[in-house]
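Have a look at the structure below, then the notes.
The values are calculated or read from the model by the stated rules, or taken from the named source; none is laboratory data. Not measured: the values here are computed from a predicted model. Here the Cβ is made from the backbone with ideal geometry for all residues, glycine too, and neighbour counts use every protein chain on show. Side chains are part of the model used for accessible areas, which takes the heavy atoms of the whole protein and leaves out ligands, DNA and RNA. Shrake-Rupley method; radii C 1.70, N 1.55, O 1.52, S 1.80 Å.
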Amino acid sequence: MAAASNGEPDCGAETHPSLPRCPTAASERGRSGHGRFTGPGRIRGGSAVVAITSPRSPRPLHPLHAILLAFPLPLFLGALLSDFAYRASFQIQWANFSSWLIAGGLLVGGFALLWALVDLIRSGAGRRRRAAIYFIVLLAMWVLGFINALVHAKDAFAIMPEALYLSAIATILALVAAWMGYSGYQSREAV
């Protein structure tokens, strides 16, 4: 925008079609901050900030649900890595580590699953399908994790190779559930 010789904006300069061409009396009063506010989208001596909203903005997870969802992926991934270490070294302690990591993933994943169930029940007709898919992925992760815990209860090397496969599938499902929860997959329908 060009400025006139007195430092005021040139009202004849090209501006965006949605912005007024000249400052109004109300906008001339100014605002505190960097520069003087000279109208919508114009700040003399600073920069303008524009916020763009969408009618279908993603529905963020509740902070407690986000915390609960953060645990199953690293716990199941740790169990998978422990299973790989057990297969390579035959040290029984790796199988014990894996069992404890799976138990932790099941504990916290169960609370995330319960939260997803409540969200499914409370969701409106427009969000029901997305909430159901999210719930089903979490349920599959939890059920396979539980079966994996039962397999890990076997004696020594009897857990291989089923434990390795179940840990891999549970880890993948935990990754998908985390992606769906954190990416805003459950978008809010326009009202």
Quiz item: If only one of Ala170, Ala163, Ala178, Ala174 is modelled with pLDDT of 90 or more and in contact with a His (Cβ under 8 Å, 6 or more places away or on another chain), which one is it?
Solution: Ala163
Exercise. Name the residue, out of Ser89, Ser82, Ser167, that is without any contact (Cβ under 8 Å) to a residue 12 or more places away in the chain, more than 18 Å from Leu69 (Cβ to Cβ) and open to solvent by less than 70 Å² (accessible area, probe 1.4 Å).
Key: Ser89
Exercise. Would you mind telling me which numbered condition in (1) crowded, with 16+ Cβ neighbours inside 10 Å; (2) part of a helix (DSSP H, G or I); (3) modelled with pLDDT under 95 Leu61 fails?
Key: (2)
Quiz item: Can you tell me which residue in region 152-164 is farthest from Gln91 (Cα to Cα), limited to those that are buried (at least 21 other Cβ atoms within 10 Å of the Cβ) and hydrophobic (A, V, I, L, M, F, W, C)?
Solution: Ala163
Quiz prompt | Output for region 99-131, where each listed residue is in contact with a Leu (Cβ under 8 Å, 6 or more places away or on another chain) and surrounded by 15 or more Cβ atoms within 10 Å (Cβ to Cβ) | solution = Leu101, Ile102, Gly104, Gly105, Val108, Gly109, Phe111, Ala112, Leu113, Trp115, Ala116, Ala131
